[in-house]
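The values are calculated or read from the model by the stated rules, or taken from the named source; none is laboratory data. Predicted, not measured: the structure shown is a model, and the values here were computed from it. When we count neighbours, we look across all protein chains shown, and the Cβ atoms used for this are built from the backbone with ideal geometry, even at glycine.
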Ligand code: C5P
């Protein structure tokens, strides 16, 4: 069977990561969470009080950031990170860190390297447009804002993080705004991407749909 690249882009909170993870597992593909890489850089900058608006500090900071994946686990300078990447503090910084060209260059190079043997499912904002413009299957996920916010609230509640629906909605809207209007690699649907509105789909329905599309190609 031939191996392909599956690129999943879309707005924040539309279920890209949960879907991509399961699609990869069903196809025995590697899952790469590109958003976690941007989150890791944002987390590192916050922890180390790096003023990323200062070019020298930015370059030095980026040089000190070594990201790798061990299975699905992200390691930053050998330290496994998970919950640390999902806090509201990181949510509030990550989109502005992601507007920086040098940050994107570093991470996009690494993402292309990880996907060069194919057999990967990568989710993010620019995967079908910039990272893998030749991906064999491209999806663009959308969903109603109220539904997205409610889903995100449930996820946070399960993790014991108490955040108001209003704050969650504001953050999702602001991230969509910054991600869609930035100069470098703005979030947009690739011309050859299929749109999937997940508002009224269960997670399993989303997964089944994408696996069926993939199986029609491989
Ligand atoms: O996917 P996730 O919500 O974890 O991504 C966090 C943030 O990282 C996004 O809001 C966006 O600013 C940035 N991002 C990006 N390009 C990607 C993946 C994520 O700019 N390919």
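Looking only at region 22-33, count how many residues are assigned to a helix (DSSP H, G or I) and crowded, with 17+ Cβ neighbours inside 10 Å.
Going through region 22-33 one residue at a time, the tally reaches 4.
Would you mention how many residues in region 75-96 are away from the ligand (no atom under 15 Å from the Cβ) and over 17 Å from residue 32 (Cβ atoms)?
3
Would you check which residues across region 159-192 are part of a helix (DSSP H, G or I) and either surrounded by fewer than 18 Cβ atoms within 10 Å (Cβ to Cβ) or more than 14 Å from the ligand (Cβ to nearest atom) (or both) and list them?
Passing the criteria: 165, 166, 167, 169, 170, 173, 174, 177, 178, 180, 181.
Any idea which of 99, 19 is modelled with pLDDT of 95 or more and over 22 Å from residue 182 (Cβ atoms)?
Just one listed residue meets the conditions, 19.
Just one of 72, 16 is more than 10 Å from the ligand (Cβ to nearest atom), closer than 25 Å to residue 159 by Cα and in contact with a strand residue (DSSP E or B) (Cβ under 7 Å, 6 or more places away or on another chain); which is it?
Answer to the check: 72.
Which of (1) within 30 Å of residue 164 (Cα to Cα); (2) exposed (fewer than 12 other Cβ atoms within 10 Å of the Cβ); (3) at pLDDT below 95 does residue 70 not meet, given it meets every other one?
With respect to (1) within 30 Å of residue 164 (Cα to Cα); (2) exposed (fewer than 12 other Cβ atoms within 10 Å of the Cβ); (3) at pLDDT below 95, residue 70 is out only on (1).
Just checking, which of 106, 183, 188, 153 is in contact (Cβ under 8 Å) with a residue 12 or more places away in the chain, touching a helix residue (DSSP H, G or I) at 6+ places or on another chain (Cβ under 9 Å) and closer than 16 Å to residue 32 by Cα?
Unique residue meeting the criteria: 106.
Within region 109-120, take every residue that is touching a residue at least 12 places away in the same chain (Cβ under 8 Å) and more than 13 Å from the ligand (Cβ to nearest atom) and give me the one that is surrounded by the most Cβ atoms within 10 Å (Cβ to Cβ).
The first filter runs over region 109-120 and keeps only residues touching a residue at least 12 places away in the same chain (Cβ under 8 Å), leaving 110-112, 114-115, 117-120.
Cutting the leftovers down to more than 13 Å from the ligand (Cβ to nearest atom) gives us 117-120.
Values: 117: 10, 118: 15, 119: 17, 120: 24.
Among them, the one singled out is 120.
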